[in-house]
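The values are calculated or read from the model by the stated rules, or taken from the named source; none is laboratory data. These figures come from a predicted structure and were not determined experimentally. So basically every Cβ, Gly included, is an ideal-geometry build from the backbone, and we count neighbours across all protein chains shown.
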Protein chains: 2
Amino acid sequence: MKPKQPTDLMAPPERPAPVAGAAGRAPGVLSEKHVARLSVYRRLLQDRPAGAPPEIYSHDLAALSRSTAAQVRRDLMTIGFTGSPARGYRIDQLIEAIGRTLDAPAGQGAALCGVGNLGRALLDYFTIWRPQLRIVAAFDTDTAKTGRVIHRCRVYPLAELEAVVRAQGISVGVITVPAASAQRVAEMMLAAGVRGFLNFAPTPLHLPDGAYVEEMDITTSMETVAYFARHLPGAAATEKP
Amino acid sequence: MKPKQPTDLMAPPERPAPVAGAAGRAPGVLSEKHVARLSVYRRLLQDRPAGAPPEIYSHDLAALSRSTAAQVRRDLMTIGFTGSPARGYRIDQLIEAIGRTLDAPAGQGAALCGVGNLGRALLDYFTIWRPQLRIVAAFDTDTAKTGRVIHRCRVYPLAELEAVVRAQGISVGVITVPAASAQRVAEMMLAAGVRGFLNFAPTPLHLPDGAYVEEMDITTSMETVAYFARHLPGAAATEKP
DNA sequence: CTTTCTTTGTGAAATGAATCACAATGTGAA
DNA sequence: TTCACATTGTGATTCATTTCACAAAGAAAG
Ligand SMILES: NC(=O)c1ccc[n+]([C@@H]2O[C@H](COP(=O)([O-])OP(=O)(O)OC[C@H]3O[C@@H](n4cnc5c(N)ncnc54)[C@H](O)[C@@H]3O)[C@@H](O)[C@H]2O)c1
Ligand SMILES: NC(=O)c1ccc[n+]([C@@H]2O[C@H](COP(=O)([O-])OP(=O)(O)OC[C@H]3O[C@@H](n4cnc5c(N)ncnc54)[C@H](O)[C@@H]3O)[C@@H](O)[C@H]2O)c1
């Protein structure tokens, strides 16, 4: 009946507890929500049609991104970007300012582990990607897949992970291996110097502080959507009457 | 200089504003966060090894799911599930209780639109899926893909969407078409009766209240991970010195 | 030049979510 | 049977995020 963790001899009762991907942010570092919204703003602004005006108001950017005008202004405030009351925000400058915050000046490399159905789709998707953040190496245990180049990305055997990650200074890892291997592969990447993880396997990763993990849990997202499809205001619930 | 939205003649200044997928929840309906965590709890409990004990403590479930014991207890409280102070929570009963909350008693059908790289990977992934929530139809404009059966799922031409969705009472839509088509395809699905959307296209969908949308923005997730890989406490930032 | 707009930037307030902390519970050991 | 103790359930509290609301700015019209 003893608990696994015997009430931590001399620490306060309940665990310090990780909230999001990693431990509490350092000062001056944005929150996950801010970063995510800035990423969306930038993409929407970059995707604008050619003839569009060179400025934009907070409420127009809000409408594009399903946000609110106040939220947009707050977000831009956090990166110290200012506009003019009469003309709004300069789009080209805003894109650049977001880039200064989000992008690594010298670029950043990512590695993908598990070149299966999903891994190949992602490799394809990210080839058409800006040089600031690219998948520069892939790894798999299947010898039918290693040694080849898929979607311009070389696929290495897993044994070479440490060497390749170190040599290329890769800091981001994308995990698309079966659930049973995800934890082990993540630890290998961490040991090789990877600091940020995007995990598609349906198992939460357990990594120490000093690693940031984002769970892309498609199963949970699907279940969430299904739940709200039934519980929306005015939904007669898809249940037998 | 006139704004697109002329300060809403008689509504309060700034828009009511959608926060998450849809409008404010009805009373008695869980929050997105609660639903997402419950989904994770259930999957972790179902995936337990055979010999594991039939009960679990909040702090053990918390450790599995990267949550906290207090959080777990709160979540179970919201669905009215109770355990015993001495033995914890009965796992079989808990799985069932979560199912009563998350699953539609009569099952729920989903449709996938866009059978490309990502769409095929998802079809494959969701074939091995419990009957409570299944992808029962796929749609594409490419005649090379329609008429066939991929991963046990029939692929229909887009023109048949309305008829098939209505006939099968499909309530969930998965969007994996190119960004330029996403909004149009979503509107078709909505018109046919789909209420919940999982959008993989890198453009936010604009649907009226009465639809729930979850954006699976892989690009943004990737940029977020890259950002925190550089800004973790103790990260020397991947920038040239 | 002055008036009339609309918008920005931002303290202050409101809302929402996570955490704390502890009384109540009940089990197993003595 | 009684004691000791780890865990549950939950009100209260803290923390984070969003929204409100308004002073300040500046362009256009008269
Ligand atoms: N396919 C999807 O749409 C989808 C959706 C959500 C989640 N996922 C998850 O993503 C992961 C991959 O899915 P998939 O459909 O691509 O599976 P898959 O079986 O097609 O691909 C897995 C790949 O990983 C490789 N692999 C296995 N063990 C490995 C190891 N230890 N190191 C390196 N490579 C290894 C295999 O050789 C294979 O190429 C799974 O965890 C799955 O649950 C997939
Ligand atoms: N591949 C990935 O890993 C990935 C990652 C993130 C986001 N996405 C997004 O998901 C979407 C699909 O990506 P993909 O790589 O599978 O692209 P893809 O080009 O391989 O597939 C697109 C499919 O949609 C079909 N299609 C096109 N227009 C259609 C329409 N109006 N109605 C129905 N079907 C239509 C095409 O025939 C094709 O089969 C894109 O929006 C992409 O940006 C993909």
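Remarks
Residues checked against (1) among the acidic types (Asp, Glu); (2) not in a helix (DSSP H, G or I):
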position: B:Glu187; (1), (2): yes, no
position: B:Ala191; (1), (2): no, no
position: B:Pro204; (1), (2): no, yes
position: B:Gly210; (1), (2): no, yes
position: B:Glu214; (1), (2): yes, yes
position: B:Arg230; (1), (2): no, no
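- Note on the range A:155-183: residues that are surrounded by fewer than 24 Cβ atoms within 10 Å (Cβ to Cβ) and part of a helix (DSSP H, G or I) amount to 15.
- Set side by side, the residues B:Leu133, B:Leu112 differ, and just one is within 12 Å of another protein chain (Cβ to nearest Cβ), within 30 Å of B:Leu61 (Cβ to Cβ) and not acidic (Asp, Glu), which is B:Leu133.
- Some residue of the range A:220-235 being out of contact with any Phe, Trp or Tyr (no Cβ under 7 Å at 6 or more places or on another chain), farther than 24 Å from B:Arg37 by Cα and either hydroxyl-bearing (Ser, Thr, Tyr) or crowded, with 23+ Cβ neighbours inside 10 Å (or both): no
- First in the range A:45-61 and closer than 20 Å to A:Gly99 by Cα, second anywhere and among the basic types (Lys, Arg), Cβ under 6 Å, 6 or more apart: A:Glu55/A:Arg87; A:Glu55/A:Arg90; A:Ser58/A:Arg73
- The single condition from (1) at pLDDT below 95; (2) more than 9 Å from chain B (Cβ to nearest Cβ) that A:Arg87 fails is (2).
- Some residue of the range A:99-107 being hydroxyl-bearing (Ser, Thr, Tyr) and more than 9 Å from every other protein chain (Cβ to nearest Cβ): no
- Taken over the range A:110-143, the criterion of being more than 12 Å from ligand 2 (Cβ to nearest atom), within 17 Å of the chain's Cα centre (by Cα) and either part of a loop (DSSP other than H, G, I, E, B) or crowded, with 19+ Cβ neighbours inside 10 Å (or both) is satisfied by A:Ala110, A:Ala111, A:Cys113, A:Arg130, A:Pro131, A:Gln132, A:Leu133, A:Val136.
- Options A:Leu76, A:Leu94; residue that is surrounded by 19 or more Cβ atoms within 10 Å (Cβ to Cβ) and more than 16 Å from DNA strand D (Cβ to nearest atom): A:Leu94
- For the range A:167-197, taking the residues that are within 11 Å of ligand 1 (Cβ to nearest atom) and under 16 Å from the mean Cα position of the chain (by Cα), the one that is farthest from the other protein chains (Cβ to nearest Cβ) is identified as A:Ala186.
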